[in-house]
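Worksheet for the structure shown next.
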Amino acid sequence: MHRLSPAVAFVLTMALMAVSAMRHQSSAEDMLVGKVRVESGDTMKLGRQIVRLAGIDAPGPQDSCRIYDVTWPCGRNAKIALLQMIAGREVACTPEGKAGKAGVVIAICQLDDQDIGEQMVRSGHARARGRYGNAQVEAQRNSRGIWGGLNPSGQK
């Protein structure tokens, strides 16, 4: 059995690590940047590309929520909250893989170095799905949005 010299083993290890890092790192080419049109509380259109915020699920624009005997347009409120958060500014989105069948890209989107999905969960306008658990606990604890408030400010 042949043994590799320590120098050759080191070079091979470094090469494998570099290839692995390149495969898992998003390039600037993958990034989607620009002004968006808000479709719902978790979906935007950047040019012709539909982008869904990764890790969250917001009520659809036509959805209503019910708290006690009061029904309110939580889906519309989620869309308005995202519109107000973005306010015509540029968004930078990093896709989490290839577009699905419908061409929708699932992405982590940033606005002024803040994670948009996390902010939607923290404000109570979306549920956490696989991430942002601490933000959801905070929203629930403070009865924000879908967790008990009747308006986007979280007041009952």
(request) Name the one entry in ALA54, ALA78, ALA126, ALA107 that is surrounded by 22 or more Cβ atoms within 10 Å (Cβ to Cβ), over 21 Å from ASP30 (Cα atoms) and under 13 Å from the mean Cα position of the chain (by Cα). (result) ALA126
(request) Considering only the stretch 110-123, state which residues are surrounded by fewer than 22 Cβ atoms within 10 Å (Cβ to Cβ) and in contact with a strand residue (DSSP E or B) (Cβ under 7 Å, 6 or more places away or on another chain). (result) GLN110, LEU111, ASP115
(request) Please give the number of the condition GLU138 fails out of (1) within 13 Å of the chain's Cα centre (by Cα); (2) at pLDDT 95 or above. (result) (1)
(request) Any residue in the stretch 42-66 that's part of a loop (DSSP other than H, G, I, E, B): show its pairings with residues that are of a type in the set (Phe, Trp, Tyr) and modelled with pLDDT under 95 at Cβ separation under 7 Å, as long as the two are six or more apart or on different chains. (result) SER64/TRP72
(message) Quick check on my filter: what residues within the stretch 85-101 are without any contact (Cβ under 8 Å) to a residue 60 or more places away in the chain and either surrounded by 15 or more Cβ atoms within 10 Å (Cβ to Cβ) or under 19 Å from SER40 (Cα atoms) (or both)?
(response) MET85, ILE86, ALA87, GLY88, ARG89, GLU90, VAL91, ALA99, GLY100
(request) Would you check if MET44 is surrounded by 13 or more Cβ atoms within 10 Å (Cβ to Cβ) and at pLDDT below 95? (result) no
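Based on this model, can you work out whether GLU118 counts as under 15 Å from LYS45 (Cα atoms) and modelled with pLDDT of 95 or more?
Numbers: under 15 Å from LYS45 (Cα atoms): no; modelled with pLDDT of 95 or more: yes.
No: the conditions fail for GLU118.
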(request) State whether the residues of the stretch 82-92 include one that is at pLDDT below 95, assigned to a strand (DSSP E or B) and touching a strand residue (DSSP E or B) at 6+ places or on another chain (Cβ under 9 Å). (result) no
(request) Working only within the stretch 67-77, note down all residues that are assigned to a loop (DSSP other than H, G, I, E, B) and within 12 Å of HIS125 (Cα to Cα). (result) PRO73
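The values are calculated or read from the model by the stated rules, or taken from the named source; none is laboratory data. The model shown is predicted, which means the values in this text are computed figures rather than measured ones. When we count neighbours, we look across all protein chains shown, and the Cβ atoms used for this are built from the backbone with ideal geometry, even at glycine.
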